Structures are given as structure tokens and as C-alpha cells.
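This report concerns only the one structure given below.
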Amino acid sequence: MAVQLSAWTIAYCAPVPGGPLDSREERVEAVRRIPGFVALWDFVERVDGRFAAHQGRGDRHDFRLDAVNYVRDYWSEGRTATYADFPLLGRGPFGQAVQFKAEAERDFRPCLLVPRERLHNSGLDVKGPGRSVSMVTWVVRESGNHAIAGIWHEGTDLQGGASAVKRVEQGRRQYALFAGLAANNGAAAVHVSENGARSFGDKYARNLAVTPEVIPAVPSDSPAGVLDRAWSVVAFSFDNKRNTVTAYLDGQANDYWVEDLAHHPFFQWPYKGWQQAQWRKVPGLQPGEDPAFPAAQFYDPPEGKPVSRRVVSETAETRIEVQQFEFTRVRVTLRKDSKGRIGAPMERELVALRANPFWFAHDLYAPARLEDGGPFTIGRVIHTSRSVGFTGYIGGVAVFGRALGAREMARLAAIAKSGPIPAPR
């Protein structure tokens, strides 16, 4: 893999406006003032004993978080989850934080959840034509690379060796934050889905942006001073108009280019989608082309005029150069005529793709019915592998119904830099 910084990156390192925010009220208001604000769970606000969300002015949705063991719900195994299964730190970016532990019981995977029936068609349910979304989370990561928060029900129709499922449901994915997965283990990563299910011919969803940097990891039982310095801000922005999804870590969104695509555990799938898209443009069936590959799952970002060119080799008959576009680098073999003039490409090979920001020219999955949509979960998502996933503390989750800009992301990241505050008495 290769990391490349650019002027685009530098824009995300601009000075943060304003000074430190010393109180919970100031911090909550700083989040609520950002245009497009939908919800903030700070794990202090409660209604009827359950964690509730601060919402946009005039909004009154029931975004209280249920404690759920999804293994019990879908496999009828394991015990019921309660709020006692989510220890509280007693302090955090907004005054509190919830711990997600490395559960030893195979049939116990607790998460905090807003059921679909309480979020469907609300501002939290960002979906469909023209809609953009951003999410920001404040975390202390101990281990794991799986989900942090979002609407990302992976489905229970992919067995993967799990025991018999009592509720078999297809994927219902829209958007979510992860701690990297195989795209870059432990990094800030964002998944988005246009169909709730699979992408690029794989059985899993593979549209993802990821940062080159990883989230620092510290043991959950570290001394208070160590934990207090370990807060990270993991965030993303999906800009529907620009067709980009961007991952942020601590207010920065550094460029990330991935190479050796054919062997990459994650980005081999958009690589295959790019190959199929190129072959489909050539008359006749090409070697390696799958005529059944759905055009809707092509990875085909714009490749008009190259941003740059680098000549790799040249003979009297051909020239080989690497052409860089906004989201791809392509090795192009060009034919020369008898007078040495460059003609049409003979061959094109994708040698690198931009993983941050990632090109995504779709609308987010829009469930046709309430029953076709997934819940909003924090700490874990519903999936058949039952892996332990992310462990550590989550001290805040905020959702916005628009693509946030650089200075807005920096301002939200500054809340963590101002240090944790104690839980209200």
C-alpha cells in the first residue's frame, strides 16, 4: 500500500475556530449548531432510564437506545442484554462513556439499538436520491476492527458456519463507521451501500473509504490519565453531489492510495468491478469477462483527462505510462504508428485506487418498506459471524443529514482535544 498526501489533505488541517469547550452544555450546543444536525447520543441524556438523543430543534423522535443481544433475537440463543452489560466510565467528551467488552460467551453480543420502527423516515434514516450524510463518533479503542455505529444490518442469510438462524433476513445496509476491517485494520473506515446487500460481485458490501492512519489502541483498564488522553474522533462524510465518501480520524482526512489490488483482502473487489467495466466497453466477449456481472456493480470512476502521466518504458512500437486520474492510477500501453505517433491504448491495467476519499456514484439504499430497513446500532451490527468486534469506550455518536466540511469536522474533533469532563451529579 502507498500513502500520498496532497493539497486536498492540507485543507483538513486548518486551524480550529474558537477555544476550548469546558462544559457539557457548551459541547452539546457546539454539535447542535452545525447545519444538518439530526441526533447526538452523549450517554448522559436519558428518558425513562434509557440513553436518549439530543435532536434537531423541533424534532421529537423516539431515539432511545434499547439494550439488545442480537444473537438471542436471531438465533434464540444466549441471555437477554440489559444496561448492566454496558459499564459506564463516569466521564467522557460529553460527560459519560459506554464500554463495549470482549464478550467471552459465544451467544452474547450486546449492542445499543434504535429499532427500525422508531427511526423509519426520520432524519436518521438518510437514504435515496440526492441525500448526503455524515457521522462523528468519540471513542477510546481497545481492540477490534468492526462496527462502531450506523444503519448496517449485514443480514442473517449468510451462514458462514453459524448455527441455524431463526430469523433469516437479507442485508439492510445504509451507512456506518467501522474500525478498519481488512481495508486497514484499526483505521477509521466508512461503509456505504446503494442496495443494502452485496457489491462488485462479492457476497458482502465493499464500498468503503478508510484512513491511512489507525486509531490508537489502549487497554480499557489503563490508568485514568492514559484513558483520558486516548480519545479519538472517528468520522465520515458522504457527499452525494460529489460522489465521494470520506473517512476522518481526529478531524483529518488524509489521502490514501492502495496498490497490489488483485491480492488486497478488501479492495480486490472494486478492482474486479473496474476490470468488468472496462471489458464491457469493448465489443465482443473479452478473456475474463463475466457477461452476467451486473452493470450496477461496476467500479467505473471518471477517467477523462489524466491529472498526471509517468512514462514507465518506451520502444519504437509502444509506450507504457501510468496515468493518474482523480480516483485511479492506470497503467496504459499505447501503440505507435510507423512515424512514432502515439495511437489508441492497446491495454489498460488498474494499478492503484484512491481509498480516501472513495468514489461512490450511488444514492444510499432506500428500503421500500419499513420491514426492509435495518436498525441504528451502536457498538455492534447484526451479522452472522458473531465476531467480538470493536472493544473500548464510546463517548458520543452524532449524525448529520448533509456532508460536513473540513472546518466542521475539525471543530467536532476539537471537543475530544479539550479533554473529558466528569459525569453530571
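The values are calculated or read from the model by the stated rules, or taken from the named source; none is laboratory data. Keep in mind the model is a prediction, meaning the values are calculated, not measured. Please note: Cβ atoms are built from the backbone with ideal geometry, for glycine as well, and neighbour counts cover all protein chains shown.
Details
- Qualifying residue in the stretch 128-142 (condition: in contact with an Asp or Glu (Cβ under 7 Å, 6 or more places away or on another chain), part of a strand (DSSP E or B) and crowded, with 17+ Cβ neighbours inside 10 Å): no
- Scanning the stretch 87-121 for residues that are without any contact (Cβ under 8 Å) to a residue 60 or more places away in the chain and under 20 Å from Leu40 (Cα atoms), we see that the one that is surrounded by the most Cβ atoms within 10 Å (Cβ to Cβ) is Arg118.
- Restricting attention to the stretch 383-403, the residues being under 15 Å from Val218 (Cα atoms) and among the hydroxyl-bearing types (Ser, Thr, Tyr) number 2.
- Qualifying residue in the stretch 262-283 (condition: under 25 Å from Tyr365 (Cβ atoms), part of a strand (DSSP E or B) and not basic (Lys, Arg)): no
- Criterion: in the same structural domain as Ala410 (by TED's automatic domain parsing), out of contact with any Ser or Thr (no Cβ under 9 Å at 6 or more places or on another chain) and not in a loop (DSSP other than H, G, I, E, B) - qualifying residue of Val234, Val210: Val210
- Of all residues in the stretch 193-203 being in contact (Cβ under 8 Å) with a residue 60 or more places away in the chain and more than 11 Å from the chain's Cα centre (by Cα), the one that is farthest from Ala235 (Cα to Cα): Gly201
- Just one of the numbered conditions (1) in a loop (DSSP other than H, G, I, E, B); (2) of a type outside the set (Ser, Thr, Tyr); (3) under 22 Å from Pro265 (Cα atoms); (4) in contact with a Lys or Arg (Cβ under 7 Å, 6 or more places away or on another chain) is not true of Asn145: (4).
- When the stretch 181-192 is filtered for residues that are part of a loop (DSSP other than H, G, I, E, B) and either surrounded by fewer than 24 Cβ atoms within 10 Å (Cβ to Cβ) or within 8 Å of the chain's Cα centre (by Cα) (or both), the ones remaining, listed by number, are Asn185, Gly186.
- Only residues that are more than 17 Å from Phe267 (Cα to Cα), in contact (Cβ under 8 Å) with a residue 60 or more places away in the chain and of a type in the set (A, V, I, L, M, F, W, C) were counted in the stretch 204-223, giving 3.
- Each residue in the stretch 240-249 was checked for being more than 13 Å from the chain's Cα centre (by Cα) and either buried (at least 21 other Cβ atoms within 10 Å of the Cβ) or not in a loop (DSSP other than H, G, I, E, B) (or both), and 1 of them qualify.
- Of all residues in the stretch 251-260, those that are buried (at least 22 other Cβ atoms within 10 Å of the Cβ) and farther than 9 Å from Met409 by Cβ total 2.
- Taken together, Gly95, Gly78 contain a single residue that is more than 24 Å from the chain's Cα centre (by Cα), within 21 Å of Ala230 (Cβ to Cβ) and not hydrophobic (A, V, I, L, M, F, W, C), which is Gly95.
- Strands (runs of 3 or more DSSP E) contained in the stretch 32-91 and holding at least 1 residues on the phi > 0 side of the Ramachandran plot and in the same structural domain as Tyr393 (by TED's automatic domain parsing): 37-47
- Residues that are surrounded by fewer than 21 Cβ atoms within 10 Å (Cβ to Cβ) and among the hydrophobic types (A, V, I, L, M, F, W, C) were ranked within the stretch 352-373; the one that is farthest from Arg167 (Cα to Cα) is Ala361.
- Close pairs (7 angstrom Cβ cut-off, 6 or more residues apart or separate chains): over 22 Å from Gly251 (Cα atoms) in the stretch 138-160, small (Gly, Ala, Ser) and crowded, with 24+ Cβ neighbours inside 10 Å anywhere: Ile151/Ala176; Ile151/Gly374; Trp152/Ala176; Trp152/Gly374; His153/Gly374
- Among the residues of the stretch 290-330, those that are within 30 Å of the chain's Cα centre (by Cα), part of a strand (DSSP E or B) and surrounded by fewer than 18 Cβ atoms within 10 Å (Cβ to Cβ) comprise Ser308, Val322.
- Across the stretch 389-405, a minimum of one residue is classified as within 18 Å of Ala209 (Cα to Cα) and basic (Lys, Arg).
- Residue among Ala344, Ala368 that is of a type in the set (Gly, Ala, Ser) and either at pLDDT 95 or above or not assigned by TED's automatic domain parsing to the domain that holds Asn184 (or both): Ala344
- Meets criteria (touching a strand residue (DSSP E or B) at 6+ places or on another chain (Cβ under 7 Å) and either part of a loop (DSSP other than H, G, I, E, B) or in contact (Cβ under 8 Å) with a residue 40 or more places away in the chain (or both)) for Gln170: no
- Hey, Glu259 among the acidic types (Asp, Glu), modelled with pLDDT of 95 or more and over 27 Å from Gly405 (Cβ atoms) or not: yes
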